[in-house]
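Engineer: Have a look at the structure that comes next, please.
The values are calculated or read from the model by the stated rules, or taken from the named source; none is laboratory data. None of the values given here were measured: they were computed from a predicted structure. Ideal geometry is used to build each Cβ from the backbone, glycine not excepted, and the neighbour counts take in all protein chains shown.
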Amino acid sequence: MTLLSPLMKKKLNVSNTTYDLINSRKGQIAVLIDPEKSQDEKTLKDLLHKCEVAKVDFIFIGGSTVTRREFEFTASTIKCLTKIPLVIFPGSADQISDTADAILYLSLLSGRNPDFLIGHHIRSANELAEIGIEVIPTSYLLIDGGTASSVAYVSQTNPIPREHISIVKQTALAGKFLGKKITYLDAGSGAKYPVPVQMIHELDSVGSPIIVGGGIRDQEQIHAYANAGANVIVIGNAIEQDMNLVLDLRSHAICNK
Ligand code: 1GP
């Protein structure tokens, strides 16, 4: 067996981290599984099989009010059932598992709640260092999606108004200067209005990979985000309501740039 040194991997352009994968192309798809709502093992197996058939790029796991036990159980079940990279999208410091490939280390920069800017991070830092999973510093921006989102409620913060694109851009830029490697725009689960496509276009100049989610329900929206330059498009609720929708995601690949 030949082991490639990190330098050789770089030369050969072999992606070896989840961040590299996220950064590698536009229009990738993540299916979000909320352990609190995740069904029995059989249903989870069925969903993950469909995700594989549809060539879903990532499975995200997380939720606003998930317990440690629910989280650990669902994460290890997913890991046993699929090889699709598993990425933690945490709602709190309790949502950690060494079975995941990476964690989005979210700082809720749209809000001013110190717990979600640094508090949960301090609580989880030792454990993350111990288990050694890939930690991806991420600017997390909540955008008004026309409904009261659970993230806004749990974090006790206000989302950025959707028409204030310049605030979003300044916040994403500040996040980049603070060392965040990714910008995540979220209209909140079940949002009435998803993040405006124009916002994705405008963030292009910031130069960080973009993840977008919240209220995305159809192919048209997915294509629009992919063409605007989003690296990863996250879908949760719509798939919880109709698992077969995941099979339609296969055609997203035509938009990959
Ligand atoms: C992840 O909040 C989203 O960014 C998920 O939203 O459940 O509406 O797809 P949905």
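Engineer: Looking only at the stretch 218-236, filter to residues that are in a loop (DSSP other than H, G, I, E, B) and at pLDDT 95 or above; which one of those is farthest from the ligand (Cβ to nearest atom)?
Structural biologist: Gly229
Engineer: A further question follows. Can you name every residue in the stretch 200-220 that is free of Cβ contacts under 8 Å to residues at least 60 places away in the same chain and more than 27 Å from Gln241 (Cα to Cα)?
Structural biologist: His201, Glu202, Leu203, Asp204, Ser205, Val206, Gly207, listed by residue number.
Engineer: Still on this structure: When both residues are 6+ apart or on different chains and their Cβ atoms are under 8 Å apart, which pairs have a first residue that lies in the stretch 116-131 and is under 26 Å from Tyr153 (Cα atoms), and a second that is among the polar types (S, T, N, Q) and part of a helix (DSSP H, G or I)?
Structural biologist: So the pair list comes out as Phe116/Ser155.
Engineer: Also, I was wondering about something else. Among the residues of the stretch 35-49, is there at least one that is modelled with pLDDT of 85 or more, closer than 16 Å to Leu245 by Cβ and surrounded by 20 or more Cβ atoms within 10 Å (Cβ to Cβ)?
Structural biologist: yes
Engineer: Could you look through the stretch 84-98, keep only residues that are of a type in the set (A, V, I, L, M, F, W, C) and in a loop (DSSP other than H, G, I, E, B), and pick out the one that is nearest to the ligand (Cβ to nearest atom)?
Structural biologist: Checking each candidate, the answer is Phe89.
Engineer: Another question about this same structure. Return only the number of the condition from (1) closer than 26 Å to Asn23 by Cβ; (2) within 13 Å of the ligand (Cβ to nearest atom) that Gln198 does not satisfy.
Structural biologist: (2)
Engineer: Moving on. Can you find a residue that is buried (at least 18 other Cβ atoms within 10 Å of the Cβ), over 17 Å from the mean Cα position of the chain (by Cα), of a type outside the set (Ser, Thr, Tyr) and within 13 Å of the ligand (Cβ to nearest atom) anywhere in the stretch 241-250?
Structural biologist: yes
Engineer: Show me the helices (runs of 4 or more DSSP H) found entirely inside the stretch 123-205 where at least 2 residues are under 29 Å from Thr99 (Cβ atoms).
Structural biologist: 150-155
Engineer: Select from the stretch 77-99 the residues that are over 13 Å from the mean Cα position of the chain (by Cα) and over 21 Å from Val53 (Cα atoms) and write down the one among them that is surrounded by the fewest Cβ atoms within 10 Å (Cβ to Cβ).
Structural biologist: Asp98
Engineer: Check the stretch 66-75 and report whether any residue there is at pLDDT below 95, buried (at least 19 other Cβ atoms within 10 Å of the Cβ), over 26 Å from Asp115 (Cα atoms) and under 19 Å from the mean Cα position of the chain (by Cα).
Structural biologist: no
Engineer: If we keep just the residues of the stretch 177-195 that are farther than 20 Å from Gly62 by Cα and within 13 Å of the ligand (Cβ to nearest atom), which is surrounded by the fewest Cβ atoms within 10 Å (Cβ to Cβ)?
Structural biologist: My answer is Lys192.
Engineer: Right, something else. Out of the stretch 24-83, which residues are in a helix (DSSP H, G or I) and in contact with a Pro (Cβ under 6 Å, 6 or more places away or on another chain)?
Structural biologist: Glu70, Phe71, Thr74
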